[in-house]
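Report on the structure given below.
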Amino acid sequence: MLTQALFRALDKKAVWVIGIFLAVAVLVPMANLLIPPGQFGHVPTYLVSLLGKYLSYAILALALDLVWGYCGILSLGHSAFFALGGYAMGMYLMRQIGTRGVYGNPTLPDFMVFLNWKELPWYWLGFDNFWFAMAMVVVVPGLLAFIFGFFAFRSRVTGVYLSIITQAMTFALLLAFFRNDMGFGGNNGLTDFKDILGAPVQAQSTRVILFAATAIALALSVLVCSMIVNSKLGKVMVAVRDAESRTRFIGYRVEYVKLFAFTVSAIMAGIAGALYVPQVGIINPGEFEPGNSIEVVIWTAVGGRGTLIGPIIGAIVVNLGKSWFTSALPEFWLFALGALFIFVTLFLPKGIVGLWKQLFGIRRKKAEEPALPTPAQSVDIERGEDSATFDNPQIRPAE
Amino acid sequence: MSKAQDTMLYLNGVSVAFDGFKAINNLSIIVRPTEMLAIIGPNGAGKTTMMDIITGKTRPDAGEVMFDGRTDLTKLDEAAIANLGIGRKFQKPTVFESHTVWDNLEMALKKPRGIFAALFYTASDEDVTRITEILETVRLLHRKDEFAANLSHGQKQWLEIGMLLAQDPKLLLVDEPVAGMTDSETEETAKLLREIAKTRSVVVVEHDMSFVRELGSRVVCLAEGAVLAEGSLDQVSANPVVIERYLGR
């Protein structure tokens, strides 16, 4: 059963994407470690971490695409799941600091000593164990998405209303994590990390391994998503996106289909956050910011939603642009991002991948054309056809 | 309860109002197993609302809705009712446009509807044979790999009927199946529905009188949410009340 699903998942395109990121997982570390600095082809360590950050964003964008591009759920709160995964990883890293903190307390992180806390709160227990923390990276975002989704989808909250409550969810978490007495470091978040699994976080070798882990996680995410979207369940997800009530009338429980996609997606976002934190060295409540979630939507739209490669390309390209812009013209980045979103919405509704297909896939064009992404658009087109026949002078009744 | 016995669909005293407007008013209809029933009536007579009630989209304010003589449909939701064996074709053909004709049927095919069953589903030889059969029946075999969006209006109607067949329902609710079809397509559709009605119950809502005549079934005329007349098409269309309220002249 599983082997058949795996076999289906590994279609030609998915094999390429997975292959590329597995190759990246090997080649970039080699270019960093084997080619001496100053020589052509050397990738400096700071760049390795920067690329690692982009790849963790790519996993986040892919996660969003699974629910938005394939299932029609526009979540504007996906960075909440990303940040929760990041906090779980951050809590593990904080516990690894031990006596090396400013106050030298062997169990309490610095901010707790500062707040005069006497002992570790119950929800910090167990986070000194790496595997427990990794389990929480998956469980906490997954559980939140499951509970949130269960109530939202059962009550048939859809469309813009769902988007608004996901936005409210991430905003509520932002406010909560800002509070000092939540016990997650308040405004400053968690930082000043020392070790991960006994290896110093800042060391070149650790950074390279973290990069490779992120690239492999991205390849695995592509595999999982490919497995889902190529199955009958994936087809049902697209059916829910295009004609939700019709799907219900042929007997599928739409709320469970959505709940499945939403939970899997949140887990992927959590994993992305956990890989992000050790590479950037900090996690603070700013990650919950509603604007962050909207940026993820823009990456996905720019790359091309409803495809597996699109969101990955979008996340990398937009963030390359962001890195360049914020150093060259920092005041203009938000304007550029807004302009990009408007441009893509107006002229590239299927993103970079759609443009690519248009330019190079003429042979395939005939087959791709009818793949209408939203029911609203299909309705428009139907109307367009109607009016077209009406406007045709040959069949217009004689006046 | 006993009255509902030996019926496929039993509506008794069903009423529903939207903001005070009575869309269905004390409606009672019986459909027997392997019987075809045609429903005619002016716009706003409550035909589509009746379908909504049967398929769980709308809850009636009063009355009984029984399926197969024993299942109370008013307590179930759309998916549960579909899985009991009630298939519905919509007035506006609704197929999954970004899927191929084949995938549309594969999704509709009667199979476990659970999440993990769907995730790990692989079409068995039996399923392939069944889908091919249905494609032959609805004459879309030559277009099986095309996106449903590329089909003509009539072909979409047929694909939707095919999806109904794939669901293997006991009762089919068919809303205006021949809207937008050519005469020959209409004739073929009538033939197909008569064929289907040999083994299942079929309820057809239609405006096209010549099509209803071809179906040759019992006819119910609805108006203002209640039954106006019932009988053969000739009886119903000779009824003076029906002439006045619906047929005109």
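Cross-link reach is defined here as a Cα-Cα straight distance under 24 Å, omitting same-chain residues fewer than 8 places apart; for residue A:194 the lysines meeting it are A:53, A:118.
The stretch A:1-54 and the stretch B:187-242 have Cα centres separated by 65 Å.
For the stretch A:116-240, just say rounded, prolate or oblate: build the C-alpha gyration tensor, square-root its eigenvalues into a ≥ b ≥ c, call rounded for a/c under 1.5, and beyond that prolate if a/b exceeds b/c, oblate if not. Cα axes put the stretch A:116-240 in the oblate bin. What the Cβ-Cβ distance of residue B:123 and residue A:123 gives, at R0 = 45 Å and to the nearest 0.05, is a FRET efficiency of 0.45. Close amide-amide hydrogen proximity is noted between residue A:196 and A:201, each under 5 Å apart and 5 or more residues distant or on a separate chain (H modeled in the peptide plane; Pro and chain starts excluded).
Provide the percentage of antiparallel DSSP beta bridges, counting only those with both residues in chain B; round to the nearest 5. Close to 55 percent. For the residue pairs A:258/B:57; B:156/B:198; A:13/A:232; A:350/B:110; B:22/B:47; A:235/B:156, the C-alpha atoms sit more than 22 angstrom apart in B:156/B:198; A:350/B:110.
Segment residue A:156..residue A:317, full-extension length gain: 54.4 nm, with 0.36 nm per residue of separation and the alpha-carbon distance subtracted. Mind giving me the FRET efficiency for residue A:31 and residue A:134? R0 is 30 Å, r the Cβ-Cβ distance, nearest 0.05 is fine. Rounded to the nearest 0.05, the efficiency is 0.60. Extension gain for residue A:116-residue A:205 works out to 28.4 nm (0.36 nm per residue, less the C-alpha to C-alpha distance). Between the stretch B:1-64 and the stretch A:175-242, the C-alpha centres lie 53 angstrom from each other.
Antiparallel beta bridges, as assigned by DSSP with both residues in the protein assembly as shown, represent about 60 percent of the total such bridges.
As a proxy for reagent exposure, A:122, B:102 were ordered by neighbouring Cβ count within 10 angstrom, fewest first; the result is A:122, B:102. Taking the number of Cβ atoms within 10 Å of each Cβ as an exposure proxy, the fewest-first ranking of B:28, A:226 is B:28, A:226. Taken one residue at a time, the phi angles of the stretch A:112-129 give Karplus couplings (6.51, -1.76, 1.60, θ = phi - 60°) of 6, 4, 4, 7, 6, 6, 9, 9, 5, x, 4, 6, 8, 5, x, 6, 6, 8 Hz. Gly and Pro are set to x. Among A:276, A:87, a tally of other beta-carbon atoms within 10 Å of each Cβ gives an order, fewest to most, of A:276, A:87.
Label-to-label distance, residue B:92 versus residue A:358, with points set 7 angstrom from Cα along the beta-carbon direction: 2.6 nm. Phi angles across the stretch A:233-247 convert, under the Karplus curve 6.51 cos²θ - 1.76 cosθ + 1.60 with θ = phi - 60°, into 3J(HN,Hα) values of 4, x, 5, 5, 4, 5, 4, 4, 4, 8, 8, 4, 6, 4, 4 Hz, Gly and Pro given as x.
Once fully extended, how much extra length lies between residue B:210 and residue B:195, figured as 0.36 nm per residue of separation less the alpha-carbon to alpha-carbon distance? Working shown, then result.
Details: separation 15, 0.36 × 15 = 5.40 nm, distance 1.80 nm.
Full extension from residue B:210 to residue B:195 adds 3.6 nm.
Let's test the formula: R0 of 51 Å, r as the Cβ-Cβ distance of residue A:326 and residue A:6. What FRET efficiency results, to the nearest 0.05? E between residue A:326 and residue A:6, to the nearest 0.05, is 0.80. Placing unit charges on the Cβ atoms only, positive for Lys and Arg and negative for Asp and Glu, gives the protein assembly as shown a dipole magnitude near 1120 debye about its Cα centre.
Enter the mean number of other protein chain beta carbons within 10 Å of the beta carbon of each residue in A:91-97, as an integer.
The mean count of partner-chain Cβ atoms within 10 Å per residue comes to 0.
Does the stretch B:66-182 come out rounded, prolate or oblate by the C-alpha gyration tensor, with a ≥ b ≥ c the root eigenvalues, rounded set by a/c under 1.5 and, if not, prolate when a/b is larger than b/c and oblate if not?
Numbers: a/c = 1.94, a/b = 1.21, b/c = 1.60.
Oblate.
All of the numbers you see were taken from the coordinates with simple rules; none came from a lab. Here the structure is a predicted model, which is why all the values come from computation and not from measurement. As a convention, Cβ positions derive from the backbone with ideal geometry for all residues, glycine included, and neighbour counts pool all protein chains shown.
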